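The values are calculated or read from the model by the stated rules, or taken from the named source; none is laboratory data. This structure is a prediction, so every number in the text was calculated from the model and none was measured. Counting neighbours? That spans all protein chains shown, and the Cβs are built from the backbone with ideal geometry, glycine included.
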Amino acid sequence: MSSSEISNGVNEALPVIEGWFTMDKADAHLIGSQCTRCQTYFFPGKVTFCRNPTCEGDTFDAVPLSREGTIWSYTDAQYKPPEPYVAADPFEPYAIAAVELAKERMIILGQLAKGITVDDVTTGMQVELQLQTLFSKDGQDYVSWVWQPKS
Amino acid sequence: MSVGSGSRNHKPNSLLRKNIMSRDVVILGAGMHPWGKWGKNFVEYGVHAARAALKDAGIKWQDIEFVAGGATMRNGYPGYVAGATFSQALGWQGNEIMTCYAACATGSQALAAARAKIQAGQCEVALVVGADTTPKGFLAPQKGERPDDPDWVRFRLGITNPTYFSLYAQRRKDVYGATDEDFAAIKVKNAEHGFSNEYARYRKKFTIEEVLASPMVASPLRLFEICATSDGGAAVVVASKEYADRLGSQRQIKIGGISTVSPKFASADVEMPDIATDSAAASDAYSFRASIAQKAYEEAGIGPEDVSLAEVYDLSSAMELDWYEYIGLCAQGEAEKLLRDGDTRIGGRVPVNASGGLACFGEAVPAQALAQVCELTMQLRGEAGDRQVKDANVGVTGNQGLFGHGSSVVLQR
């Protein structure tokens, strides 16, 4: 994977958590695992033994998860979370969505894109995955996935 | 996706034999230290509660054969070995000890351990204690860079406890037509219930307008609708029914059932601290929370229709509505009607959180599930004073916390 796409400033941007998503801004995906035996998906993808209790699988393929989904619910954060969250000063509230992926039949949380508030979304709305700088620390940008309502 | 609650009855194992042990276990005594932000060592709260429970039971500390302690994670080594810590503080006397930690279900797991010890005939009478001293503000993860810990990861991404509470609250609004006024009405109800409870931390009545005027924390939930963290301690003395009868106890309350089940894969609940649910691509989806009370009901041989009152985990005002459905007081989507009809207030058909709930207590993690049991014990004995529920014969608790823990206890008069 390449992180050159979202280079911003002196240092190349880094993922907020290594290995959880591609750094290709044009085609952002969360990276999950899929059990080669029972086909169950896992996110985060770090899994050694299949957690489906009826499956004894222990080999997994790294797979890109669907980059579009449906809002299951949403909220926001009006107060600054504790560390290890790195907040802007002054703190900027942000919105969060829980998004259901149809193929994987799972719900994944994430912040909504900057500027999107709870008034802009509804349960059942279609969203897609994007990459965005979550915070900057010591001149280094850190990138996360965010959900963006589809226009 | 369709979501089942996953009764254990589906388990296809012909080797299982249940109900071999039929020895009844009863609550002999209950005691608490008032909830608050007292800033003292957690051991003080635990010993205060333990002594109160022993006095209530009418037995001496030296009579106790087994101590089950609920661990606390924020008070150093003494907290990790709480069973021993409380035993030493009460005075070493050669009792057996154990300590367990199960997040919010800690107290119930300790109670389950004591019950099992008695059912197995290894002891007759045991003490269960949980107590905590908590820091101010958000519960935060351990320090350091720990990307393999889901609790660390979610805080890194800005996902706090209120995030999860509010995702459920917003979904109730969008799917079942809950209103901000419904959520505030839960707070108002519980504040009224807890007003006369000497063990509650917050004893102040609110109006719906006051609740709705409190600052927004995580839309749609406001400050007065989200549970605080508190100091507190709770303890119960449990014994075999034979022991209680020999003692001549007239106030014993039967433990009808205890559930400490885990979730079933694929768990469909958006659950702290996870960033994603299980994938149901190759499995059926189950609701963990809806499965918790089922096992306790099955053990007790009763159903939700038999329940006189319930103590449930109102981590947020809105979450109490979810609990009405999880413990079967009404069908999914009907909790708002139950609330609006006044069924769940004291004087209604099935009062919920007569103690005042977490709204009036705040959460003292290892003590909280035991506090629910203490309240039901007082209610079923008819000793709850101004908040007494009439004709209280059967009580149920519902409780749920991080990392797949949950519990439900059925008590019967």
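Hey, can you tell me all the residues within region B:263-282 that are aliphatic (A, V, I, L, M) and either touching a residue at least 24 places away in the same chain (Cβ under 8 Å) or more than 9 Å from every other protein chain (Cβ to nearest Cβ) (or both)? Once the filter is applied, which keeps residues that are aliphatic (A, V, I, L, M) and either touching a residue at least 24 places away in the same chain (Cβ under 8 Å) or more than 9 Å from every other protein chain (Cβ to nearest Cβ) (or both), region B:263-282 yields B:Ala268, B:Val270, B:Met272, B:Ile275, B:Ala280.
Would you check if there is a residue in region A:70-78 being assigned to a loop (DSSP other than H, G, I, E, B), more than 7 Å from every other protein chain (Cβ to nearest Cβ), farther than 16 Å from A:Met106 by Cβ and more than 15 Å from the chain's Cα centre (by Cα)? No, there is no match, as no residue in region A:70-78 is assigned to a loop (DSSP other than H, G, I, E, B), more than 7 Å from every other protein chain (Cβ to nearest Cβ), farther than 16 Å from A:Met106 by Cβ and more than 15 Å from the chain's Cα centre (by Cα). The sole residue among B:Tyr164, B:Tyr243, B:Tyr199 that is under 29 Å from B:Ala113 (Cα atoms), crowded, with 22+ Cβ neighbours inside 10 Å and aromatic (Phe, Trp, Tyr) is B:Tyr199.
Residues satisfying the criterion are present in region B:338-350 (criterion: in contact with a strand residue (DSSP E or B) (Cβ under 6 Å, 6 or more places away or on another chain), outside any helix (DSSP H, G or I) and closer than 20 Å to B:Ala290 by Cα). Test B:Leu370 against the stated conditions and say whether it is in contact with a strand residue (DSSP E or B) (Cβ under 7 Å, 6 or more places away or on another chain), part of a helix (DSSP H, G or I) and within 27 Å of B:Glu299 (Cα to Cα). The answer is yes for B:Leu370. So which residues in region B:105-129 are assigned to a strand (DSSP E or B) and either within 14 Å of chain A (Cβ to nearest Cβ) or over 29 Å from B:Phe288 (Cα atoms) (or both)? If the condition is that a residue be assigned to a strand (DSSP E or B) and either within 14 Å of chain A (Cβ to nearest Cβ) or over 29 Å from B:Phe288 (Cα atoms) (or both), then B:Val125, B:Ala126, B:Leu127 are the ones that fit. Scanning for something more than 17 Å from B:Ala369 (Cα to Cα) and of a type in the set (Asp, Glu), does region B:309-319 turn up at least one residue? For region B:309-319, residues more than 17 Å from B:Ala369 (Cα to Cα) and of a type in the set (Asp, Glu): absent.
Just one of the numbered conditions (1) part of a helix (DSSP H, G or I); (2) surrounded by 20 or more Cβ atoms within 10 Å (Cβ to Cβ); (3) of a type outside the set (Lys, Arg) is not true of B:Thr397: (1). When A:Asp61 is tested against (1) farther than 20 Å from B:Ala218 by Cβ; (2) buried (at least 17 other Cβ atoms within 10 Å of the Cβ), just one condition goes unmet, and that condition is (2). Restricting region A:86-105 to residues that are touching a strand residue (DSSP E or B) at 6+ places or on another chain (Cβ under 8 Å) and at pLDDT below 95 leaves a set whose member that is surrounded by the most Cβ atoms within 10 Å (Cβ to Cβ) is A:Ala87.
Of the set (1) more than 9 Å from chain A (Cβ to nearest Cβ); (2) in contact with a helix residue (DSSP H, G or I) (Cβ under 7 Å, 6 or more places away or on another chain), all apply to B:Ala140 but (1).
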